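Comments concern the structure below.
The values are calculated or read from the model by the stated rules, or taken from the named source; none is laboratory data. Source: prediction; values computed, not measured. When we count neighbours, we look across all protein chains shown, and the Cβ atoms used for this are built from the backbone with ideal geometry, even at glycine.
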Amino acid sequence: MGLLTVGTPLSWEETKNSRKYIKENGIIQFINHYKKVKDRNNDQLFWGDEIEYTLVEFDHKQEKVYVLLKASEVLRNIEINVSNQANTVWHPEYAAYAIEGVPGYPYGHLMGYFNTVESNMQSRRNEINELYLKNDECMLTITAFPRLGCPNFTSPKTKPDPIKSVSKSLFFPDEAIQSDHPRFKTLTRNIRERRGKKVAINIPIFVDENTIQPFEEDLSLYGDDGTSQEATKLDHVYLDAMGFGMGCGCLQTTFQACNIEEARILYDQLTPLCPILMALSASTPIVRGYLLDIDCRWDIIAASVDDRTDEELGIKELKEQQFRIYKSRYDSVDAYLSPDGEEFIDEDVVIDEGFYQTLREHDIDHLLAQHIAHLFIRDPISLFRESIKINNEIETDHFENIQSTNWQSMRFKLPPPNSPIGWRVEFRPMDLQITDFENAAYVTFVVLVTRVILTMKLNFLIPISKVNENMHTAMKRDAVRKEKFFFRKGEFISTGSTPPETAEVCDRKRSCSESNDKMRITPENCHVELSINEIINGGDNFPGLVPLIRQYLQMVDADVDTMCSICQYLNLIETRASGSILTAAGWMRDFVRNHPEYSKDSIVTEKINYDLMKEIDLRSKGKSKPPSLLPNYKSKTVPNLSKATTAGEEYLNSIRNTNFV
């Protein structure tokens, strides 16, 4: 969601004139606040999830479905009815058809909380569907509406205006952007104006038997003056607005660490897992009514907010700009943060040297100073006149302005000022799943992985360059079943106290130890190429994340129902990874290709889209459980822990309804 400051939005020219002030004071704010919180220690594990939901409206007579531009109305009605004891909290999102839902308070360290996640997700869905939507309207957990940007894709109907709109889009109207908060249109306009032209998103089309070859659209039919046509690529679907990326939904998870050192470890160890979970959660095979040759949203959203100028892209020589920048501001991380990760940073990290030196002069260590100075190569792109002059001793808005518009695969989050919340890490790469069961399974899996990493002292570090390669691999069609990923081999478990292990794990470690006596693991030889199945379920070079989680579960105390639900969730992850059931992207692609109206031309018609969304709605409500997509499941999720179980959890009340995630 980002920083939702209220006030008078500044144009890009006004923002550009203030950027030096904002960045310099943002660094001062970071330094001041860091000194206050750097020694914070002994915080408990708290965690939460964030889901960005899509509102849709069905026209059953015409057999059509649209995105429903009703988010503002829904949020205003929720605000009227909100309770301080609410189990859910809602926020605006970029799109006028999207809302963000989070738990009313974070989950705690007790194992029983894993059994409440799915129930909370169910209550979010039911709350909106039953209280705020009509019979022909519903809220779905889809990453991208398949016909986003097609003619008449909204309800009420709207029409793009490529001349007067903030995005100048041929396909995405301003009415589809959330209008109750000025941040969103300001971001759209300023990204375009900073870049000097519209964003250009080119995604490879899936070439079927009757797909026109080479594939190229005539954009003059949409009112193009020739500039968009020039920005297209052959055999690619062209998108031209921030809304195609920021209008997507996603599933994110945030964890509180006990201190800054633990937060750094989690940030680093989860970074190599980002592409693995991205591929495993793939659910974006369609956009603008075309089947794509990718399965995930990542490249779409990265390009949708790419504000780099030609100089920063390396197309022109640096004159007005300071830096050659190699990635969009929405992309994978460029550096590790923990001491163990330093030697695995094998690519140049672009930093603002002046800010780096300032941070070092204030005793910020090299890795953290590098991280912050790297974030601050970006300009602020959304400023409000009333919020420029603020108190650097007690406020951090200028720092957060830069931090919150660096949308990377992982986010390292400071304790907020004057808050009981501690150091946090946000895991951001996952696509959304169709059902609450699936989304709860992915959240549970990621949180359990963090517990296994810390308990077993696991080391998944590989060179950053290999993580970047894995991110590109994860985007590919059916990457779960067809692709290999660089992954840590050998000495993946660090020295130190470790829990009891199975004979199989001990044998593998002993074999690795004997091998390492002859050749020490280094960044150059620390990795092998493994399939998703081997990474998740185990193979010759790695015991598997799920087996390691099961080993961890043997050591912890959990009630029978919670353990039953966790096992169901792990079964979903196992079977998805093995390829025995499909990812959401694979299932959606098959649904389209097997539809009687599909002409094998890569085009998803209104009728196909209607039938697909109708089936997704049924599945989200538990009325359909296709064996190709889901195992035969039934969790034992419950709304709340028992009072006896939550004894000693009073601290939760102090952070209820805070912006934890």
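Brief remarks on what is shown
- Residues that are in a strand (DSSP E or B), among the basic types (Lys, Arg) and crowded, with 19+ Cβ neighbours inside 10 Å do occur in the stretch 413-423.
- Qualifying residue in the stretch 169-181 (condition: surrounded by fewer than 15 Cβ atoms within 10 Å (Cβ to Cβ), closer than 30 Å to residue 61 by Cα, touching a strand residue (DSSP E or B) at 6+ places or on another chain (Cβ under 6 Å) and at pLDDT 95 or above): no
- Wholly within the stretch 1-108, strands (runs of 3 or more DSSP E) carrying at least 1 residues that are within 25 Å of residue 402 (Cβ to Cβ), among the small types (Gly, Ala, Ser) and out of contact with any Asp or Glu (no Cβ under 6 Å at 6 or more places or on another chain): 47-59
- Reported count of residues in the stretch 555-587, each being at pLDDT 95 or above, of a type outside the set (A, V, I, L, M) and not in a helix (DSSP H, G or I), is 3.
- Residues satisfying the stated conditions in the stretch 424-443, i.e. part of a loop (DSSP other than H, G, I, E, B) and either hydrophobic (A, V, I, L, M, F, W, C) or surrounded by fewer than 22 Cβ atoms within 10 Å (Cβ to Cβ) (or both): 432, 434
- Search result, residues across the stretch 214-245 that are under 24 Å from the mean Cα position of the chain (by Cα) and assigned to a helix (DSSP H, G or I): 243, 244, 245
- Per-region count, the stretch 135-156, residues touching a residue at least 24 places away in the same chain (Cβ under 8 Å) and either part of a loop (DSSP other than H, G, I, E, B) or among the charged types (D, E, K, R) (or both): 15
- Hits in the stretch 449-466 - residues which are part of a helix (DSSP H, G or I) and touching a strand residue (DSSP E or B) at 6+ places or on another chain (Cβ under 8 Å): 450, 452, 456, 466
- Of the helices (runs of 4 or more DSSP H) lying entirely inside the stretch 278-361, the ones with 3 or more residues being farther than 28 Å from residue 196 by Cβ and modelled with pLDDT of 95 or more are found at 353-361.
- Residue match in the stretch 343-353 (condition: of a type outside the set (Asp, Glu), more than 24 Å from residue 474 (Cα to Cα) and touching a Lys or Arg at 6+ places or on another chain (Cβ under 6 Å)): no
- Filtered by the rule that a residue be among the charged types (D, E, K, R) and assigned to a helix (DSSP H, G or I), the stretch 160-209 gives 174, 175, 183, 185, 189, 192, 193, 194, 195.
- Residue 315 being touching a residue at least 12 places away in the same chain (Cβ under 8 Å), surrounded by fewer than 23 Cβ atoms within 10 Å (Cβ to Cβ) and farther than 25 Å from residue 147 by Cα: no
- Test: residue in the stretch 516-527 that is closer than 30 Å to residue 347 by Cβ and either modelled with pLDDT of 95 or more or under 26 Å from the mean Cα position of the chain (by Cα) (or both): yes
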